[in-house]
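Here's the structure we're looking at; comments come further down.
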Amino acid sequence: MGNVLNILFCLSLLYLATTTRVTAYLQVFVLQSILLFFIVMMPLLNHLSVFTLVLPLTILVVKAILIPRYMKKKIIYELEIKTTIEANIQQFNFLLLSVFSMVAVFVSCNLITKDAAVDPIPFAAAFSSVVIGLYVIIFRKKLIVHVIGFLVMENGIFLLGIAVASEMPFLIELGILLDIFVVVFLMGIAINKISSTFAADEVSALDKLKN
Amino acid sequence: MLVLFYILILPLLAGGLFFIPGGKKLKYQLSLMVSVVHLAASYLIFAGLVAPELHQWFRIDAFSKLFLLILSHVYFWVVLNSWHFLNRPTVYSPDKSTKIFFSIMNLYLFANTLALISNHLGLYWVALESTTLCVAPLIHYYRNKESLEAMWKYLFLVSVGIAFAFIGILFLAFSAHGTDIIEKGLFLSDLIEGSSKLNMVWLKAGFIFIFAGLSTKAGIAPMHPGEVDALSYSPSPVAALVSASLSGTALIGIFRLMQITAGTPVHQFAQVLMITGGMISLLVALVFMFKVTNYKRMIAYSSVEHIGLIVLGAGIGGAALIGSMLHMIFNSLNKTAMFLMAGNIHRTYNSRETRDVKGVLKNMRWTGILFLTAFLAVIAMPPFGLFFSELMIFRGLVEQNRFILLAVILFVLLFIFIGMSRQTFSILYGKAESEGEAAEPKSEKFNITHLSALVLLLLLASAGLFMPAVFTDVINQIAGELSR
């Protein structure tokens, strides 16, 4: 069951490579966050208690509700951001790149985790997410899409944390979630200001600061 | 535990309380008090006069002592000068920024202290990310286009970078799989003690990710752009804070990793990586020193250069390591003075472009003299401390017979010196091209920024000549930690 969720997580990444709508990007992020919630919940099902529920529920609230709502209301609607992402490369090439990278990640993860006590599937799923998140940041122009790319990357890192080191103390995990929330909040404010101070065609360039 | 109250809880309380609207002056006075208390406490800890009993989440070793003192010292001077800075006439309207300035400063102090004394890399990460969050609004102080872009770049690049550092921390956790370190809770002290039990491949991977990730925040090339933009377009006190103290907070994470790898086969690899990072930083600083047309950006690249030297020295080890720790102290003193003076120039000329600024030495007597002195210190003229620390780094190179590397470094430093002096002398001595631009020579009043820069430079000169024994003790302890 755990593996099914992880594979779904990977498939959501492929959807990122095929869609061109900003809201779809956000929906993929929400879907991933819900999957993350279930992945965290799975091992806890046998010994449920109020204390163990805090972390998964916080993930659900912060990543699947608070952040997407904030981005949707404060950024996408308020700024009337055009619905298409602006890509630097052809959509088909992006898909090819994503697929090849994911295959490479899966194969290499399978090799390096052979002699270690780690499950290759969540590990590879997590790493794919980090890589695709980076691609989104590199190959898309819009700032809001960059933020979503960053969030996809963060989701990957979270999954990696679950895959390799569930030993990270619970308070630290909460601290990380809080930090990410504030980062997104500040980035939202910044995007708002950028769109009101810069002319539309400058926004995606942001190249005033040079040597 | 009482000391922890002074260095950790007090800034947090102050940061929280100041969100209540109230008098700017009161906030300033209280912040100054907090910073004095913090400085006193850090000095007591540094000198070993207070050895607090700590919870296992905290750790105060030689590294924390040194970096805590640097942070506390820089922070004190920055807060002291912030009143003068906030009240000066300016063409921008940063009223909103002024309201939150002191709250954020105090929260920054809290987060930074927490990062320095944490005994858990996860806690360190959370605190480090919090410092980014505190610094971002401060960079945007002027609320204009450039500062907005600088803030966005800093926030985004550093957040992505630190996310990579977190992958590195996870790899480190993974390298401890199956050992008792994990059961104990993955604390730094256990990692350092039990480093031989770690899986070396994962440790290596962890080091690569953490080094690359923290480079964005420390300003090590090629990950430096966010840091350079932030330093050039933030207000001078903030730039001083970021360049002189926050880079150190990122560096301590790298040094912690060196502590863990010391005595393992990975250590040599880590050293090579650090030397490479340091060399790239020096080369990048060299190239851009001839390209920049903005004097604050020039200082920012000088910051990249000196962080590069520190990382390089730490990578080489031996005498160079001691030199690099000294360099850390001296660089923090020098950069604070330099950014404060650059701020004065910026206020008078209202431009950061070198071509708009001429004849500072004539128009702004005190600022000119102090900027020139700080410049002489930054290019490592004796008797300023940076001369002695660079000499130590070179000695470390000679001891290890790395003459080619030494020659390259000397060559690069020479050309950085040429590039930097070209710009600096044009600011200090040049004549305005048209008559209209030539400002009337005004008699500049000696103010608190000049006093601060003077004291900092005097400290820098005297510390080079008479280093107190307690400093050498702590630095020797650090060297011992890294050469187990």
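Odds and ends about this structure:
- Only one of the numbered conditions (1) more than 7 Å from chain B (Cβ to nearest Cβ); (2) within 14 Å of B:Ile167 (Cβ to Cβ) is not met by A:Asn192, and that is (2).
- Among the residues of the stretch B:438-479, the ones that are over 21 Å from the mean Cα position of the chain (by Cα), small (Gly, Ala, Ser) and at pLDDT below 90 come to 3 in all.
- Breaking point among (1) outside any helix (DSSP H, G or I); (2) surrounded by fewer than 21 Cβ atoms within 10 Å (Cβ to Cβ), for A:Met168: (2)
- Entry remark, the stretch B:149-187: residues being in contact with a His (Cβ under 6 Å, 6 or more places away or on another chain) and either surrounded by 24 or more Cβ atoms within 10 Å (Cβ to Cβ) or within 30 Å of B:Asp95 (Cα to Cα) (or both) number 1 in total.
- For the stretch B:126-147, filtered to residues that are closer than 12 Å to B:Leu231 by Cα and more than 7 Å from chain A (Cβ to nearest Cβ), the residue that is nearest to the chain's Cα centre (by Cα) is B:Val135.
- Assessment of the stretch B:148-165 against the conditions (closer than 25 Å to B:His267 by Cβ and within 8 Å of chain A (Cβ to nearest Cβ)) yields no matching residue.
- Only one of the numbered conditions (1) under 25 Å from the mean Cα position of the chain (by Cα); (2) in contact (Cβ under 8 Å) with a residue 60 or more places away in the chain is violated by B:Leu54, and that is (1).
- Options B:Ala221, B:Ala212; residue that is more than 11 Å from the chain's Cα centre (by Cα), closer than 23 Å to B:Trp125 by Cβ, surrounded by fewer than 24 Cβ atoms within 10 Å (Cβ to Cβ) and not basic (Lys, Arg): B:Ala212
Rundown of residues vs (1) within 23 Å of B:Leu203 (Cβ to Cβ); (2) in contact (Cβ under 8 Å) with a residue 24 or more places away in the chain; (3) assigned to a helix (DSSP H, G or I), yes/no style:
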{"site": "B:Phe269", "(1), (2), (3)": "yes, yes, yes"}
{"site": "B:Leu273", "(1), (2), (3)": "yes, yes, yes"}
{"site": "B:Val287", "(1), (2), (3)": "no, no, yes"}
{"site": "B:Met298", "(1), (2), (3)": "no, yes, yes"}
{"site": "B:Val304", "(1), (2), (3)": "no, yes, yes"}
{"site": "B:Leu309", "(1), (2), (3)": "no, yes, yes"}
{"site": "B:Leu312", "(1), (2), (3)": "yes, yes, yes"}
{"site": "B:Gly315", "(1), (2), (3)": "yes, yes, yes"}
{"site": "B:Met325", "(1), (2), (3)": "no, yes, yes"}
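- From the options B:Leu191, B:Leu109, B:Leu121, residue that is in contact with a Pro (Cβ under 7 Å, 6 or more places away or on another chain), surrounded by 24 or more Cβ atoms within 10 Å (Cβ to Cβ) and in contact (Cβ under 8 Å) with a residue 12 or more places away in the chain: B:Leu109
- Matching entry among B:Met338, B:Met328, B:Met274 (being crowded, with 23+ Cβ neighbours inside 10 Å and within 21 Å of B:Asp473 (Cα to Cα)): B:Met328
- Filtered by the rule that a residue be surrounded by fewer than 17 Cβ atoms within 10 Å (Cβ to Cβ) and out of contact with any strand residue (DSSP E or B) (no Cβ under 9 Å at 6 or more places or on another chain), the stretch A:77-92 gives A:Tyr77, A:Glu78, A:Leu79, A:Glu80, A:Lys82, A:Ile89, A:Gln90, A:Gln91, A:Phe92.
- Test result for B:Leu186, at the interface with chain A (Cβ under 8 Å from one of its Cβ atoms), closer than 30 Å to B:Tyr43 by Cα and touching a residue at least 60 places away in the same chain (Cβ under 8 Å): yes
The values are calculated or read from the model by the stated rules, or taken from the named source; none is laboratory data. This is a predicted model, so every value here is computed, not measured. Glycine also receives a Cβ, built like all others from the backbone with ideal geometry; neighbour counts cover every protein chain displayed.
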